[in-house]
1. Do the alpha carbons of any pairs in Lys281/Lys352; Lys316/Lys346; Lys285/Lys446 sit beyond 21 Å of each other, and which pairs?
2. Determine, at each q value in 0.23 (inverse angstroms), the log₁₀ of I(q)/I(0) that the Debye formula gives when each Cα of the stretch 651-762 is one equal point scatterer.
3. Taking amide H positions as placed 1.01 Å from N in the peptide plane, with prolines and chain starts having none, which residues 5 or more places from Val435, or on another chain, fall under 5 Å of its amide H?
4. If each Cα of the stretch 639-706 is one equal point scatterer, what is log10 of I(q)/I(0) from the Debye formula at q = 0.27 Å⁻¹?
5. Spelling out what I want: for every residue of the stretch 499-511, take phi, set θ = phi - 60°, compute 6.51 cos²θ - 1.76 cosθ + 1.60 (Karplus), and round to whole Hz; glycine and proline get x.
6. Could you give me the ³J(HN,Hα) list for the stretch 539-556, computed from phi with Karplus coefficients 6.51, -1.76, 1.60 and θ = phi - 60°, whole Hz, x at Gly and Pro?
7. Using alpha carbon coordinates only, what is the Rg to Rh ratio of the stretch 671-713, with Rh defined as the Kirkwood radius?
8. Using packing as a proxy for protection, rank 340-347, 761-768 so that the peptide with the highest average count of other Cβ atoms within 10 Å comes first.
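We did not get these values from a lab; they are worked out from the coordinates using the rules stated. Quick caveat: nothing in here was measured; it's all calculated off a predicted structure. When we count neighbours, we look across all protein chains shown, and the Cβ atoms used for this are built from the backbone with ideal geometry, even at glycine.
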Amino acid sequence: IWLTLSPSLATREAIFFYHLGAAVCLLGGVVGGIAATFLPRLGLRVQLGALLGLLVTLGLDGAGQLPVQLVFTTATLALVATTLLAARPSHEAWLLALTSALTGGLLVVIGFDAAWGNGLWRAMDHMARAQWPDHKVEQDPQLLPTVGLWLLGAAVGTVVHAFGLGIVDEKANHSALPTQAASSNPDSQPLLAAGGGAAAVPSDELVGADPKYFNYVDPSNLSNRFSRSCHELLFPNADALLYFFGFQADNVKCQVEHVLMLLANARRGTSSPLDAAPVDKLHAKMFTNYLKWCRHLEVRPQFAAPPDPGAAVGGKAADLLLWFFIWGEAANLRHMPESLCFLYHKSMQSYKARAGPNHEAGERYRGHFLENTVGPLYAVVKAAAGVKKDHTERRNYDDFNEFFWSPLCLECCYTRDPRSAARSGGLRDSESSMVFVADALALTKKSYLEKRSWFHLFLNFRRVYEFLLVTWQLLACVAFAELLVWEWAFTVQACSSVLLTLNALGLVWACMRAWVTLPPKTPPNVDLAASLGLILGLATRFLALVYQAMYFTWAMDHVGAFDSAPTRRHAQDPSDTTFWWWQYVWVSLVALGVYAVEALAQLVPPLAAWLITGGDKKAARPDWWAALLHINSPASRLYTAKHVVEKCSNAATYQLYWGSLLCWKFAFGYWFLVQPTVLPTLQMYDDHMNYPDENPFYLTALLMWLRWMPAFLVYCIDSSIWYALWSGSVGMWIGFEEGLGGVKNMEEIRATFMQAPSALCSKLISQQALPSVTRETETD
């Protein structure tokens, strides 16, 4: 669009749109750079293909040997062939050297071309305008030597880069790029051996102590209130879980008492026996988070089967005891609540698969679960906490807990003891072939690096900045329309420019978000779908911005300054500004559709939870909806904060308060800030149009900026003033309505108004000086 507008630079009416095109081109370069950073391999190949295509095209044009129609075909084939031939990762170093050399050579020849007559610039200008298919530019005798100089410089640069990167070094047997750098990092090495091998030797320090000790409930001397429930419900399940998993004996005793006390508390106020309704109530309460976790990972919950007739092992009592046994063994792993969900899920899965006829003979020693599950996990967390590095390279409890938000955790084994392998029940033949969860946890990366950047300040308050800019632009359009007596149709067209501003700001925020996502040293744990989603959003917004700028420029061109634009001349009626405005509107609505949905979700809070969860809290999201959210909104993959919504009544009250406050702000801003600035602006523009030599464009633009910026700053900060006034007024009205404080109505205010100075002085002045200040006078 920049090159499209360049023929109209002689027309001063079009210079604003020329700079608009330049800004769009600048954003395009930023978007391309971000895309290449997130997809370095693909970006490197595309860049190399584009450079070779440009080199071949300019060389053939300079030689004048081939028809014009074959030039673009050859360039396209060079681009595709380069991308395909360079697909092997083993060529990565050579690709980097060749691309860097071609880029540096192009910059060098551009400098020489400026001294030789800008033949290279003219050729690339005609390529960008797509004018070669219509007419052949006259042969430039300096173009071929320029291309030859570029080729020579690229060859020399490639050799220099090859030696610099060590590609041709005889001692180097592989690519110079550090493809295996992660394996050399001692912090990323597995701290524990993978599953497979004999069970760990029991440690005397971890085995349960003397069985005579107990806390509150003596198993050998139970009261009649607890005897039946313990002997028929809790003790059989506790013994079975103790023998199967090898929990610590002291932990089992403590947690049995814990469950017993919780059941007794749940029984208060009811006549239900201890093994009926209280068990169901406690079970529903304790497994609330586990059920949410299962829905998030779209996996079936694992609960023990009801006990057979005449048997006592199984049912909800087994679920509760297993959960509390794991919780008691977990120690500091409780800071990672979803890790407990994983341990319970895998443990119950293994227990169910080996119950009944599949139950193995023998038992595990006391402390087996601690040494083979909890101990290795805690060792990983402890080792990470002791790393003396910056916060971007240190992992804490939250970083480890996010590993259990991903379905990848379900591919891990919960213990390093191969005897826990589930041999039936539709599970794997052996869990010994699975990755031990502690090994996988040791290799996980941070998903959010908390990169230090000033862009966080703008991203965190982006909605505020966006709101101020858009409303200020609307007020300015209305003020100009009132002063210049615009027709309502043209006023609507001018006000629709905020759609272009919204999309441009959205693109700026997306670029900032990409910057704070880029790793400073180590790459984050961002999967390909999230990266592609960010790049897809950037590309879509930029493409829409290009068409928005183009269509809006043509829609506002009421003097025909751009009728000769190459892309506009193909229209049936290029001068139909209404047609181009409607094209601008449709493109804007498509580009801002997601923005409109987000704004609506802010006004109706339950809508946000409905969109993230797919409309049903208990059922899993549809696959197509989950995929769409994962690509376009990576935050939806998080496990937390999906159902934290405000009531619609509270949201309506909140919106009414702020809507009334903003009405005062808009009225003051329009009458006292915007309107007084419009007339001087028109006068400065009139001076520029009538006396361009004395009032050049950039000087006039600077003066306008100095005129508008103070008013805009006042418009930004006066929100705090209006908030203080309006919150005090609303607070006083609410106090009158609810009878709060010592003064409850206007009559009491009038009666006690003269006491206000004395009350104020009593708070600010010492008691010794107070009588001299508050003495009565003749006026009183």
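1. With Cα atoms farther than 21 Å apart: Lys281/Lys352; Lys285/Lys446.
2. So the normalised log intensities are -1.16.
3. Under 5 Å from the amide H of Val435 lie the amide H atoms of Cys413, each far enough along the sequence or on another chain.
4. Per q value, in the given order, log10 I(q)/I(0) is -1.06.
5. 5, 5, 5, 4, 5, 5, 5, x, 5, 5, 5, 5, 5
6. With the stated coefficients, the stretch 539-556 comes to 5, 5, 5, 5, 4, 5, 5, 4, 5, 4, 4, 5, 5, 5, 4, 5, 5, 8 Hz.
7. Reported Rg/Rh, Kirkwood definition of Rh: 1.02.
8. Top of the packing list down: 340-347, 761-768.
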